Amino acid sequence: MPQGHRVRVIKGTGMELRFMRGWLVGLIVVFVSGTAYADTSEGFRLSQTCAGCHGTAGASPGNTIPILGGQNAKYLADTMRAYQKGEREFYVMNIIAQAFNDAQIGAIADWFSSHSWIDTPTPNKASKAAIGAPIAAAKCVECHGPNGKGGDLGPRISGQPVTYLAKVMAEYKAGSRTNSNALQMIITRDLSDDDIEALAHYYARLR
Amino acid sequence: MTITRRKFLTNGMAGVGTVGLASWSLPAFAQGEIMPKSGPRVVVIGGGWGGATAAKYIRLQDRSIEVVMIERESVFRSCPISNWVIGGLKEMGDITVSYNALKTNHGIKVVHDTVTEIDPGRQMVRISDGMISYDRLIVSPGITLLNDEIDGLDAVGRAVFPAAWSAGAETQQLREELAAMPAGGTVVLSVPFGPYRCPPGPYERASLIADYLKKNKPGSKLIVLDSNEKIISKGKLFKAAWDAYYEGIIDYRTNNAVIKVDASTRTISTDFDDIRADVGNIIPNQRASDTVDLAGLRPDGRRWCPVNPWTYQSTIHPEIHVVGDATDATTVGKVPKSGFIANSMAKVCAAATVALINGEEPARPSMANTCYSLVSGTEGISVTAVYDWDDASGKMAAIKGAKGLSPGRFEIVAANADDWARAIWSDMLG
């Protein structure tokens, strides 16, 4: 299969639709559960090791490690570059990001972005999510969309684990992150710790 | 392209062209075959970090390849995180994972049996019911403990001084012995000569035993008898934590290989001392599992299996791949014998296996490692590296700048370690 193909998986049906370079060249129905890659792309070659912490195709089941599969490609690439430059600090990713050049970062980001988001069963509380809902409507939807699935202005945050979301907001609030989204995320300065926790539960629960 | 690489490609392609294609283009009636083939088949020996990952990643990339994975145990028990069980932070059930998802999600044929023969000529392996043929074989059998090197470490000795270096009954035994030990007792933990499975493992175990003794068994001590001249992984980070938390509990002795044990008196001997242990954990020196010797994959006098790290083909039998702890790091490059590395090797091996079966050129390997270790019940440390192919050496090498330690010990590292385990178990077995 040539490079640059996109594989979209329709979740729950076990059916797989393949689109190559935007042209629908064939409909392949695979009656199996799980995902097949048939993938010789640079993105697949380099991203396989990411699964060691982020899960297969970025389906992280953990509380502190974010889901990557189905995430906005620009956000993923920007994030790796921010780790590379130290604009975002995290002890593991600051090391790993040094391994890849700009084109490789782009290929990895495109590969994860081409896969479906997979919700994982990280715990969250309905009572806290309810408190977070009105805060989200007032503060977050403009960039992250009404369902938290992101867009041109911000990454997908719905379905990410509580601990991860709260940590990210706390970092922005503390001003410890200087990456490109920091200006928009100045909005976190007005949030109390309780607000942050409530928002984290709201978005973790919004799947 | 280097000469080394061309050489294996020639070997690999020859395998596909002659033996491989011929054997799957016709119905297989190989003598003694219990699972006749209808297409290309990969047999994987071992359902651990390397084997399970290889099996799954072959099926992710090419559903036309049948994968038969032969594993002795009925469930997967994780070595990484097993120290947490010994320290009382988790239970065996927390580190046990079913093999069912490999069958139901990926159509892998999981056979619970022991391989007793490998016939590289006929490309078949024997289990108790008969022979299973393969087009390519992936061997990921782990390690064999060299108990014989320690005088008295026979079956009786092992029952008293378990290694607990493959997660299972001995892990639980060690946990129970620590819990049953009276306060003021002496625990002895021995560290083998490197290279061995999981370089930071003994030091993480020492940390978690000490943490448990500190909280639950006042007056107890832990004597660490290290065969090596220093802590061989994350040394400064472990030492700093031990100095901060376990002063008067951990008695760390370098160049102290265990040479003899006496089960009847619970005595552990080095060249310098005879120590009576209330709880003794003897981790012997190691080499590639005996399974590799069924196919002569380990040269005489060598402890590990030489491989070509572009594909993980054995340099002895190119239609057989070896991944995981059994590989010889002097042929792979400077990578540790870790679960993460086994997972990473297996992905390179899976992609190469799919390519070779389909008559394509295997892609350039990319590998990574992150090893998390707890230094207490709440704090962890880590080491990370990303590896690329190095043309000059024909091996994998850490990418400049992309290798390093956590800057200290932190609670977030411990939380990440817990998440990492769940992620990589799901990557192998989910």
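Each value in this text was obtained by applying a stated rule to the coordinates, not by laboratory testing. No experiment lies behind these values; they were computed from the predicted model shown. No Cβ is skipped: glycine too gets one built from the backbone with ideal geometry, and neighbour counts run over all protein chains shown.
Below, the figures for the structure above:
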{"read-out": "Charged-residue dipole, Cβ positions (Lys, Arg, Asp, Glu), region B:146-286 about Cα centre, Debye nearest 20", "value": "540 debye"}
{"read-out": "Alpha-carbon gyration tensor eigenvalues x 5, square-rooted, for the protein assembly as shown, Å", "value": "38, 36, 21"}
{"read-out": "Loop-resident sites, region B:37-128, for chymotrypsin sites (Phe, Trp or Tyr not before Pro), counting at most 11 other Cβ within 10 Å (DSSP)", "value": "none"}
{"read-out": "Rounded, prolate or oblate (a/c below 1.5 giving rounded, otherwise prolate when a/b exceeds b/c) for region A:55-133 by Cα gyration tensor", "value": "prolate"}
{"read-out": "Ranking of B:F161, B:F238, B:F193 by count of other Cβ atoms within 10 Å, fewest first", "value": "B:F193, B:F238, B:F161"}
{"read-out": "Relative contact order (%) - criterion: Cα under 8 Å, at least six apart; region: region B:146-286", "value": "37 percent"}
{"read-out": "Residue order, fewest to most beta carbons within 10 Å, for B:E71, B:E177, B:E149", "value": "B:E149, B:E177, B:E71"}
{"read-out": "Residues B:T171, B:T53, B:T265 arranged by fewest to most Cβ contacts within 10 Å", "value": "B:T265, B:T171, B:T53"}
{"read-out": "Farthest positive-ward along the protein assembly as shown dipole, Cα basis, beta-carbon charges - from B:L174, B:G235, A:Y75", "value": "A:Y75"}
{"read-out": "Exercise: per-residue mean of other protein chain Cβ atoms within 10 Å, B:400-408", "value": "4"}
{"read-out": "Viscosity 0.890 mPa s, temperature 25 °C, Stokes-Einstein D of region B:146-286 from Kirkwood C-alpha radius, µm²/s", "value": "165 µm²/s"}
{"read-out": "Residue-averaged [θ]222 nm for chain B, counting only DSSP H segments that reach four residues, each worth -39500 (n - 2.57)", "value": "-9000 deg cm²/dmol"}
{"read-out": "Ratio Rg/Rh [Cα only; Rh per Kirkwood] for chain B", "value": "0.99"}
{"read-out": "Residues of type aspartates and glutamates that B:K221 reaches as a straight line, Cα spacing below 15 Å, ignoring anything fewer than 8 places off in the same chain", "value": "B:E177, B:D211, B:D243, B:E247, B:D251, B:D278"}
{"read-out": "Cα-centre dipole for region A:126-205 with unit charges at Cβ (Lys and Arg positive, Asp and Glu negative), debye to 20", "value": "200 debye"}
{"read-out": "Cross-link pairs A:K85/A:K128; B:K239/B:K403; B:K90/B:K337; B:K215/B:K334 - those with Cα-Cα distance over 31 Å", "value": "A:K85/A:K128; B:K215/B:K334"}
{"read-out": "Overall form of region A:126-205 per C-alpha gyration tensor (a/c, 1.5; a/b vs b/c)", "value": "oblate"}
{"read-out": "Debye equation applied to the C-alpha atoms of region A:53-207, log10 I(q)/I(0) at 0.21 Å⁻¹", "value": "-1.54"}
{"read-out": "Within a Gaussian network of chain B (alpha carbon springs, distance under 10 Å), most fluctuating of B:V383, B:V187, B:V156", "value": "B:V156"}
{"read-out": "Span-rule helices in chain B, defined as complete DSSP H runs reaching 20 Å or more along the axis (Cα) with Kyte mean at least -1.0", "value": "B:201-216, B:339-357, B:411-429"}
{"read-out": "Cα centroid of region B:116-176 to Cα centroid of region B:255-316, whole Å", "value": "12 Å"}
